[in-house]
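These notes are about the structure you will find just below.
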Amino acid sequence: MNHELSTMNCMRLLIIICLTWLTTNVMTAQETKQNNNTCKSSSSIAGDEKSNSEYIYRMMQQNRTRGLATMSSKPLIVFPLRIGFIQHTGDKGDTRQFAISRTVDILNEAFSAANIEFYIAQIDVIYSDLKIGDLSLGAYELYDQFSKEHDLDDMITLYLFDYDGQLCEESGGGVSCGRTGGFSYILSNRTSNIVLSKFDLEDYKVVVHEFGHFFGLYHTFERDQFGKELISGANCAKSGDMICDTPADPGPVYEVYVNYSKCQMVGYKDLDEQVNYAPLINNYMSYYKPCFMKSYSFTPQQLEVIRTAAESDLRTRFHE
């Protein structure tokens, strides 16, 4: 009898522990808000993105007509890089040269298929109390001012900023988390730089993603500049990211539908077309997390955009 009571008490205790764990996790899920959008690039903030993109796409059409679109026959284009290491006034921190070198290696690996290569030409320490989160304030006014003061006309600069010390904030009983990984104006002549958080040095996606913007690529879920891309792809050349081998992407707000083991979006249907979305989850220009055992990649047409931009007069002034 005592043994049975002891067993029943243990079971009650186990049930109470399980219910407590479940309740705690449900409360945590309700109270926590995450913002994983690490890229702050906007498709229209600089003002010349649309006209420059349309210019590049006309170049691509001309190259295809003349039979000049084959990537393997194109010569290597080399871009010297200037690293602008942002340091707070009075600090004497390490410039993390090994991590910077590794980041450029990651960049070269991704851009090698476009016959493009980067190397570190110089590293400058720039004293400023700005953090990466400050730059997008006031319609990027601080960023524009900083770029005007520190950019070089004939060399691409990769600025490395500290991130905000607190990535999570508690308010009203909840927690909100987010950080900026980097950004760049899209194929703009307004600046000659890419911004990256020191947090994301050696990250396999962020630096490549931002350089993708610099060389003309939009997010795969872009719809503000050229309108919404249909899942059917019927308007792919003139809408979305204007690239036809990147399927329509509803954007990271629908990440809940992504199965990362399969590396695919499952079961999210567009209400107008009544067709399921099938975006490229492991694409450099998407906002999704890494897939299981699959590396990030550019599509052939994305590489064509990058290469055409690199050959254009929008970017030739940065050539070696």
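The values are calculated or read from the model by the stated rules, or taken from the named source; none is laboratory data. Quantities reported herein were computed from a predicted structural model and do not represent experimental measurements. Cβ placement follows ideal geometry from the backbone for every residue including glycine, while neighbour counts extend to all protein chains displayed. Note: accessible area is taken over every heavy atom of the protein model, side chains too, but ligands, DNA and RNA are not part of it. Shrake-Rupley method; radii C 1.70, N 1.55, O 1.52, S 1.80 Å.
Here is how the number arises for the chain: DSSP H runs of 4 or more residues each give -39500 (n - 2.57), the sum is divided by the residue count, and the result at 222 nm is -10000 deg cm²/dmol. Return the FRET efficiency for the residue pair Ile123, Asn259: r is the Cβ-Cβ distance, R0 is 35 Å, and the value is rounded to the nearest 0.05. The value I calculate is 0.25.
Sorting the segments 249-262, 47-60 by their residues' average number of neighbouring beta-carbon atoms within 10 angstrom, most packed first, yields 47-60, 249-262. Can you give the FRET efficiency to the nearest 0.05 for Glu170 and Asp134, using r as the Cβ-Cβ distance and R₀ = 22 Å? That gives a FRET efficiency of 0.55.
Glu202 sits among other residues whose Cβ lies under 15 Å from its own Cβ, and their net charge, with Lys and Arg +1 and Asp and Glu -1, is -2.
Using C-alpha pairs below 8 Å separated by at least 6 residues, the relative contact order for segment 187-265 is 20 percent. Only Cα pairs under 8 Å and 6+ residues apart enter the sum, and on that basis the relative contact order of the chain stands at 20 percent. The trypsin sites (Lys or Arg not before Pro) of segment 206-255 that DSSP puts in a loop, and whose beta carbon has at most 16 other beta carbons within 10 Å, are Lys228, Lys238. Per-atom-type breakdown for the chain gives carbon and sulfur 53% of the accessible area (1.4 Å probe, protein chains only). Shape annotation for segment 170-257: C-alpha extents along the principal axes are 45, 37, 24 Å, from largest to smallest.
Seen against the Cα atoms of the chain and their longest principal axis, helix 2-31 is set at about 30 degrees. Per residue, how much accessible area does the chain have with a 1.4 Å probe, in Å²? On a per-residue basis, 52 Å².
Report the extension gain between Met293 and Ala99 in nm, rounded to one decimal, defined as 0.36 nm multiplied by the number of residues separating them, less their alpha carbon distance. All intermediate terms of the calculation are to be shown ahead of the outcome.
Working: separation 194, 0.36 × 194 = 69.84 nm, distance 2.36 nm.
So the extension gain works out to 67.5 nm.
Placing a pseudo-label 7 Å from each Cα along the Cα-to-Cβ vector at Cys177 and Ser72 gives an inter-label distance of 4.6 nm.
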